[in-house]
1. Output the number of residues of the range 145-193 satisfying the condition of being among the charged types (D, E, K, R), more than 20 Å from the chain's Cα centre (by Cα) and modelled with pLDDT of 90 or more.
2. Test GLU140 against the criterion of being within 19 Å of GLU66 (Cα to Cα), more than 13 Å from the chain's Cα centre (by Cα) and either modelled with pLDDT of 95 or more or of a type in the set (Ser, Thr, Tyr) (or both), and give yes or no.
3. Tell me, please, whether a residue that is touching a Gly at 6+ places or on another chain (Cβ under 6 Å) and not assigned by TED's automatic domain parsing to the domain that holds LEU25 can be found in the range 169-185.
4. Can you tell which of ALA31, ALA65 is in the same structural domain as LEU139 (by TED's automatic domain parsing) and either in contact (Cβ under 8 Å) with a residue 40 or more places away in the chain or on the phi > 0 side of the Ramachandran plot (or both)?
5. ILE20 fails exactly one of the following numbered conditions: (1) outside any helix (DSSP H, G or I); (2) at pLDDT below 95. What is the number of that condition?
6. Could you check the range 102-122 and list, in sequence order, the residues that are farther than 22 Å from ALA92 by Cβ and not in a helix (DSSP H, G or I)?
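The values are calculated or read from the model by the stated rules, or taken from the named source; none is laboratory data. For clarity, every value in this text was computed on a predicted model and none was experimentally measured. A quick note on method: Cβ atoms are made from the backbone with ideal geometry, for glycine too, and the neighbour counts reach across all protein chains shown.
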Amino acid sequence: MSFDLARKRQLEEFQRRLGIKFSNLELFDQALTHISYAKSLDKEDIPYNERLEFLGDAVLELVVAEYLFRRYPNSSEGDLSKLRSIIVSEEALSYCARKIKVGDYLLVGKDQEGIRSQSALLADAYEAIIGALYLDGGLEVVRDFILRILLKEEEKIKEIRDFKSRLQEYTQSLYKSIPEYETVQEVGPDHNKTFKVRVKVEGRVLGEGWGSTKRKAEKMAAKCAWEKIEQARGEK
């Protein structure tokens, strides 16, 4: 194994809490290893969780789609797609990741301790666990895990709408139009860019945000706009 006895005990404790059992505990360890940890040790052979996250994302989409298809036989494709997007959103996944304390078991760089509570990182780790569990135990095992941990929180998750959704619903109701997102600045080399996005409604700038991807920058811009709207409401 590539980890010491203390880490092995930590992983065994976590999987007991989650009600799962890995045959290959190294997969579980990899799912909980952030790229910053590997870089901080300056070792290229330490596997981290990005590839497992990629796989877990696809498995999660499949399991949630099948669940919704069976649970709501009279719902349209559009309604099912909207509900699926809510359930697999960063907000929903990070909410569940916090409930099961994923952050307590993450390996991050020595100077990066603050990132273990970030929503994006927690959501990614949750998907990586799903990917690892799929490789280790197959679809039925991972389906049971998703049903017990994520989908049992369906009603709560429905209440967790991301800021882009909130902003769009608000502007459609008030202005009969949807927000427009514009990338106004890109900083850094091609392999490590940071983006600045501005959100406007009917030509009026409501907020701006930065992010490591355009999607994340859009979310931050929407968050900024929504907080301004909430503040204005409170002042009335």
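1. Looking only at that region, the number is 3.
2. Spelling it out, GLU140 is indeed within 19 Å of GLU66 (Cα to Cα), more than 13 Å from the chain's Cα centre (by Cα) and either modelled with pLDDT of 95 or more or of a type in the set (Ser, Thr, Tyr) (or both).
3. no
4. Just one listed residue meets the conditions, ALA31.
5. Every listed condition holds for ILE20 apart from (2).
6. Those that are farther than 22 Å from ALA92 by Cβ and not in a helix (DSSP H, G or I): LEU107, VAL108, GLY109, LYS110, ASP111, GLN112.
Residues checked against (1) modelled with pLDDT under 95; (2) within 14 Å of the chain's Cα centre (by Cα); (3) surrounded by fewer than 22 Cβ atoms within 10 Å (Cβ to Cβ):
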{"residue": "ASP29", "(1), (2), (3)": "no, no, no"}
{"residue": "ILE35", "(1), (2), (3)": "yes, no, yes"}
{"residue": "LYS39", "(1), (2), (3)": "yes, no, yes"}
{"residue": "LYS43", "(1), (2), (3)": "yes, no, yes"}
{"residue": "LYS99", "(1), (2), (3)": "yes, yes, yes"}
{"residue": "LYS110", "(1), (2), (3)": "yes, no, yes"}
{"residue": "GLU113", "(1), (2), (3)": "yes, no, yes"}
{"residue": "ILE129", "(1), (2), (3)": "no, yes, no"}
